[in-house]
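I have placed the structure first, in the form of structure tokens, so that the comments after it can refer back to it.
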Amino acid sequence: MWEKLQNIFRIPELKRRILFTLGMLAVYRLGSHVPTAGVDVQALTSYFKQQQNTLFGLYDLFAGGNFQNATIFALGIMPYISASIILQLLGAVIPYFEKLQKEGEEGRKKITQYTRYGTVALAMVQAYGTSILLQSFNNQFPTPIVPNPGLGFQLLTVLTLTSGTIFVMWLGEQITERGIGNGISLIIFIGIIARFPNDLINTARALVGGDLSPFVAVLLGAMMIGVIASVIVMTQAQRKIPVQYAKRIVGRKMYGGQNTHIPLRVNTAGVIPIIFAQSIIVFPSTLASFFPNSEVMQSLNQIFMPGNWLYIVLYSVIIVFFTYFYTAIVLNPVDLADNMKKYGGFIPGIRPGRKTSEYIDRVLTRITLPGAVFLALIAVLPDILIRRFNVPFYFGGTSLLIVVGVALDTLQQIESHLLMRHYDGFMKKGKIKARRW
């Protein structure tokens, strides 16, 4: 393994890309320590310790902890992700965006441009909402979070947070073009793993204080290794549908006659179903946080408290639903069947056209079920560990899927550079198969 790591820095282009990526990520982490003007960060941090199971806690996960510290990157990359998802969903219902998705490179450029415009618009709206939200916290604490509220604070917050989001988006695009890996995914990745040192410190304190026994700690370590291995397996698992292309003679040349396959992933939707489901399931807790004196809202908050069986069941059902919903959007069996028929391809034993689309849809429905159930298990795992076993850190769920997926994608790109220049990859047999969430 050490020799393989040395090979990485023997390739000038790969070395340059990796160093550039590390430099851009370092800039992002430096910006994560620059606070927004006019906010009492200590008072805000103490408030967010009570909001881990609300929409604020979910948003802070993707912002890499910047939201609870009110830094210039408080909005993180979430406006860009939201704009990307919106355009992807529009492609399934609006013919214009569907046409752009099928136009190849030119269509992707236009979609990217629209995504940037959407990011700026969403960032401005969210920044204004954040300024109003921060000012509203003044009524809930003796120490005001915003010492000088008003129009000036709102305008300054909108300008600061929108500029921060645009800069983070630019960093992500630069990493994608001139670095290694997907820039947007790496920014989220580095924000998540930045929390690991605190988790290790909390675990050590729990061991020293007797809150966590050494035996339980060893069992948790073994379980974590097993869970990570299962996430890797499910991330890479796929069902290959064989496809044959008939021979065609064009002029004096013969085309086709080859055998290939359609790789249908068990987890086609990636981490998106958990994000959607978590946004819905934590809404009652978020709403209850605005009405601390209401008995009805606090009772509702107790019902949807993470770790309760009703919460776990509803959360799992919503994840399964969104897994099928999002898979149906990103992978259309009818389009696959039409493209195969257009280029003379067919599945052995299946008629081209409608029969092929029905077969693909049936296979996709079957293999999506274990993927959806696995996503639900991974999503509820942190709540069970924290509530039932007093684990002093958050393990599983959205963060684990993102970390594993981004790590596989980055390793796959590094391996591609090594194999292209006749170096051995990270594995002696086979290749690393990555996915983008």
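Between the beta carbons of His261 and Ile225, assuming R0 = 45 Å, the FRET efficiency works out to 0.90 to the nearest 0.05.
Per-residue Cβ neighbour counts within 10 Å put Ile188, Ile275 in the sequence Ile275, Ile188, beginning with the fewest. Estimated from the Cβ-Cβ distance and a Förster radius of 51 angstrom, the FRET efficiency linking Val34 and Phe215 is about 0.70.
With the simple spin-label model, which puts each label point 7 Å out from Cα in the Cβ direction, the Tyr117 to Leu151 separation comes to 3.0 nm. Full extension of the chain between Val41 and Lys109 yields a length gain of 20.5 nm, computed as 0.36 nm times the residue separation minus the alpha carbon distance.
So if we plug the beta-carbon distance of Ala26 and Gln6 into 1/(1 + (r/R0)^6) with R0 = 22 Å, what FRET efficiency do we get, rounded to 0.05? Approximately 0.45, to the nearest 0.05.
Since every read-out is calculated from the coordinates, none of them should be taken as a lab result. These figures come from a predicted structure and were not determined experimentally. Cβ coordinates were reconstructed from backbone atoms using ideal geometry, including for glycine residues, and neighbour counts include every protein chain displayed.
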